[in-house]
Each structure stands twice: as C-alpha cells, then as structure tokens.
1. Residues of the stretch 84-103 being open to solvent by 10 Å² or more (accessible area, probe 1.4 Å), outside any strand (DSSP E or B) and in contact with a strand residue (DSSP E or B) (Cβ under 7 Å, 6 or more places away or on another chain), which ones?
2. I'd like to verify a number: residues in the stretch 282-308 that are farther than 20 Å from Ala93 by Cβ and open to solvent by 70 Å² or more (accessible area, probe 1.4 Å), how many?
3. Condition first: of a type in the set (A, V, I, L, M, F, W, C) and over 16 Å from Met152 (Cα atoms). Now tell me which residues in the stretch 175-190 satisfy that.
4. Go through (1) touching a helix residue (DSSP H, G or I) at 6+ places or on another chain (Cβ under 7 Å); (2) of a type outside the set (A, V, I, L, M, F, W, C); (3) within 30 Å of Lys274 (Cβ to Cβ); (4) in contact (Cβ under 8 Å) with a residue 60 or more places away in the chain and name the single condition Gly103 misses.
5. Only one of these conditions is not met by Glu123: (1) open to solvent by 70 Å² or more (accessible area, probe 1.4 Å); (2) over 25 Å from Thr236 (Cβ atoms). Which number is it?
6. Scan the stretch 243-260 for residues that are on the phi < 0 side of the Ramachandran plot and open to solvent by 10 Å² or more (accessible area, probe 1.4 Å) and report the count.
7. What is the number of the single condition among (1) open to solvent by less than 70 Å² (accessible area, probe 1.4 Å); (2) closer than 22 Å to Gly73 by Cα that Ser178 does not meet?
8. Any idea which residue in the stretch 160-171 is surrounded by the fewest Cβ atoms within 10 Å (Cβ to Cβ), counting only those that are part of a helix (DSSP H, G or I) and out of contact with any helix residue (DSSP H, G or I) (no Cβ under 9 Å at 6 or more places or on another chain)?
Amino acid sequence: MNKKILIVDDLHPFFKERAAALGYDIDDRPEITRAETLAAVADYDGIAVRTKFRIDKEIFDVAPKLKFVARAGAGLDNIDIDIAKEKGIALLAANEGNMDAVGEHAVGLLLSLMNNFRKADLEIRNGAWDREGNRGYELKGKTVGIIGYGFMGQSFARKLSGFGVNVIAYDKYKAGFSDEFAREVSMEEIVKHSDVLSLHIPLTRETKQMVDDEYFFHFKKPIFFINTARGEIVNTKAVLNNIANQKILGAGLDVLEKEKFPTLVEQEWYDALKTNEKVILTPHVAGWTFDSYRKISEVLADKLAKISG
C-alpha cells in the first residue's frame, strides 16, 4: 500500500504531481476544515499546509502514522515544532521558494516610502499637486541594516546591490556570513549606522514583541522601517510612537500583530495606523506571488524527494 499525503490547503499542482511520481497517494482537499482534518488525519503519512490552521499537539496526537509536515511557505511558526521533534516528525518548509518575492516586495515598500508614492498618488486623485511636499530621498549612499541573514535577508541584500547602498547585517545565530551583498556587523553597528532597518527573522518565543519602544530608542539616526517577516515580532504602538517622535521616517508593514478582518479593526491602534500617511500596508503578501505559488511547491517536492529515499 502506498503512503498517503493529505493536502489541506491551496498548493500548486506541481507538488501533488511530483509526490504522486514518488509513489504517494494524494488526497487534495483544500476546502477541508480543521475538524474534518482531525477526523481523517490518522490514515496519513504526511500533511501539507500553507496557513489555514495550526498543526499542533491536537493534530499530532490523532496522527500516529504521520512522518512529515510540508509547510508551503517560509517558516514553521504555525507548526508545534517541539511536539513534532518529540514524535520524530520531519518538518519541511519552502523558504527558498518565495525568497525572491519577499526581497522584491521589501524593496518596493522601501522605494514607495522614500518617494511618498502613496501620499502623492492620493493627493493627485483628490486635486492636489504638491511637488515640494512629496520630495523624496535617494537610496544611493544610505546604509541599510538587515536583521536576520537567512534566505529572506540574503534575497533583500541581493536586490539592493544595484542601488549603491551600504548593506550591513546582524544575525544572532550565524557568524562569518559576510558576502558580496552584505557585511556582517554587531547589533551596536546596526543601531549606530542604519538609515533603513528591515526585519527578516522568524517568529519565536525570543523574537515575539522584540521590536518595541526600547528597541527603537537605541537607533542613532531616523530610519525607514520595513517588516516583511512576522507581525508579532513588532509592537505596532511602538512603530506609531516612533513615527510621531520622528525616529521612524516611514514604515512599510506587510505583516501585523493581528491580521485579517474583523480582528484587525478591533485593535486599539488600527485607526491611528490606517490614517497615518507615513505607513504603507500590504496584506501579508510579500512572499505570495503568482511565481512563488509554483516555486514553493517545487521546493517542497524536492525536499519530499530527499526524505522519501
């Protein structure tokens, strides 16, 4: 009998086709609910998910045959990693599949902020032609500080290579990673020299709410701030506070502490955030392009092939 994979989310067909070629039987059920998954998962050797729901102890406990979880995206923060390790379940992520999308999106947010694209566009649509009020900044000669130099941080650095910027990077868990695109530095150098700060780190117990008022306090120059990582890493009120005191010149946020409606509108900071002309918001789409949709499945399929012998 072939091993079985349950796909509970919308994945590009490439993953299903490749997994079938590897000898797996595939149940592609992107509309399946969590309750239905709990009832069915005992029969499966693998489960593939994007962001639909958390793969946690409740699911692991009713899936005795489970050998792997394939996460179609970057990071594993919607999977209970500790329980998976205890049970010897392999975890596959596809950071490589959307790193180009994230790098490009981060550059787009940065250029939009530095050149007032959102503000200028809205003003013209409302009958105002304000050249002086929309004068921007050039990237050339600026220092871009990157926190986290994994696939996403490296991609952002590569995308910046043609702009004539000085890219510096700090990664608490890596050393000796300087390359032609970025120079490894201490956190002290990040806060001293950065004109731009971009986050490319996972959400963990250590990084949750890491970026708060105290964090921004240490920066020596006003900065443009970009977050395409995870929203819960950043305290949104601290971003607004530091825009108000001009420590942050503009913020590009693809991710927020709380996402989707109606949850978002219920947050005490939402009204201030949505009316702030120095903030650009996108709905957690930095890594979700038409191109990355396929690339993610290609990466996952390659990783599945490696653990399938």
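The values are calculated or read from the model by the stated rules, or taken from the named source; none is laboratory data. Bear in mind the structure is a predicted one, so any value in this text is a computation, not a measurement. Cβ atoms come from the backbone with ideal geometry, glycine included; neighbour counts cover every protein chain shown. Surface areas here come from the heavy atoms of the whole protein model, side chains and all, with no ligands, DNA or RNA. Shrake-Rupley method; radii C 1.70, N 1.55, O 1.52, S 1.80 Å.
1. Result: Ile89, single match.
2. In the first step, residues of the stretch 282-308 are kept if they are farther than 20 Å from Ala93 by Cβ; the result is 282-283, 290.
Next, only the ones that are open to solvent by 70 Å² or more (accessible area, probe 1.4 Å) stay: 283, 290.
Residues that pass the stated criteria total 2.
3. So the first thing to find is which residues in the stretch 175-190 are of a type in the set (A, V, I, L, M, F, W, C), and the list is 175, 177, 181-182, 185, 187, 190.
Correct list: Ala175, Val185, Met187, Ile190.
4. (4)
5. The single condition Glu123 does not satisfy is (1).
6. So the count comes out to 9.
7. So the condition that Ser178 fails would be (2).
8. Only one residue tops the list, namely Gly162.
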